[in-house]
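Asks: Sharing a structure below in structure tokens format, with a few things to ask.
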Amino acid sequence: RTPAGPTLSFRVKRFTLGRQIRAVQRRPFDSMKAFESPPVVVTNNFGDVTAAPHVKLMRITFQNMFPAINVSTVKLSECRRVVLFNFIRRNVTEKDPEKAKEVGDDDEEDEEVEVRHYAIRAKPVGVDRKVRRIVEAKIPNLGRLDDISDYIT
């Protein structure tokens, strides 16, 4: 909470462009409407109160990068994106025993933060196809039927 504040520095190891992801998808989802509301932020493996101070700082920083979502008032239709911050801690000795000898005892862990951004769609699951069409506001032609129950059965 100081004006100069703590500084977090990261090194980008690998990344994928949005157009590369859309090129491999069967049904690419590209909607500007998804960016009208803030994403749901998920922080995974960042620990709890007993976590290291730098891990707590990363978790708080990632959570405060996006506006808070009030769970009691948010509409499901507004939740169109999820941002996942996944904290990965690996022992250096597991990856490369020779490198562990060079690094020394003080740096035995390699820490990474994996960032993924998902577009999501809420769909009714476990419902008959005809009922799902009505729920999704795709009203079928009911002109030849006497009652909507004739359509569903």
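Asks: Hey, among the residues in the stretch 1-33 that are modelled with pLDDT under 85 and under 18 Å from VAL55 (Cα atoms), which one's most open to solvent (accessible area, probe 1.4 Å)?
Replies: Filtering first and then ranking leaves ARG1.
Asks: Another question, then. If I ask for residues that are touching a residue at least 40 places away in the same chain (Cβ under 8 Å) and either open to solvent by 90 Å² or more (accessible area, probe 1.4 Å) or assigned to a strand (DSSP E or B) (or both), which ones from the stretch 39-81 would you list?
Replies: Hits for the stretch 39-81 are VAL40, VAL41, VAL42, THR43, ASN44, ASN45, LEU76, ARG81.
Asks: Taking the stated definitions as given, is LEU84 at pLDDT 90 or above and in a helix (DSSP H, G or I)?
Replies: no
Asks: Next question, about the same structure. Test ALA23 against the stated conditions and say whether it is closer than 17 Å to HIS117 by Cα, out of contact with any strand residue (DSSP E or B) (no Cβ under 6 Å at 6 or more places or on another chain) and of a type outside the set (D, E, K, R).
Replies: yes
Asks: Mind checking which pairs have a first residue in the stretch 20-31 that is within 19 Å of VAL82 (Cα to Cα) and a second that is part of a helix (DSSP H, G or I), Cβ under 6 Å, 6 or more apart or different chains?
Replies: These pairs meet every condition: PRO28/ARG22.
The values are calculated or read from the model by the stated rules, or taken from the named source; none is laboratory data. Here the structure is a predicted model, which means the values were calculated and not measured. Cβ atoms come from the backbone with ideal geometry, glycine included; neighbour counts cover every protein chain shown. Note: accessible area is taken over every heavy atom of the protein model, side chains too, but ligands, DNA and RNA are not part of it. Shrake-Rupley method; radii C 1.70, N 1.55, O 1.52, S 1.80 Å.
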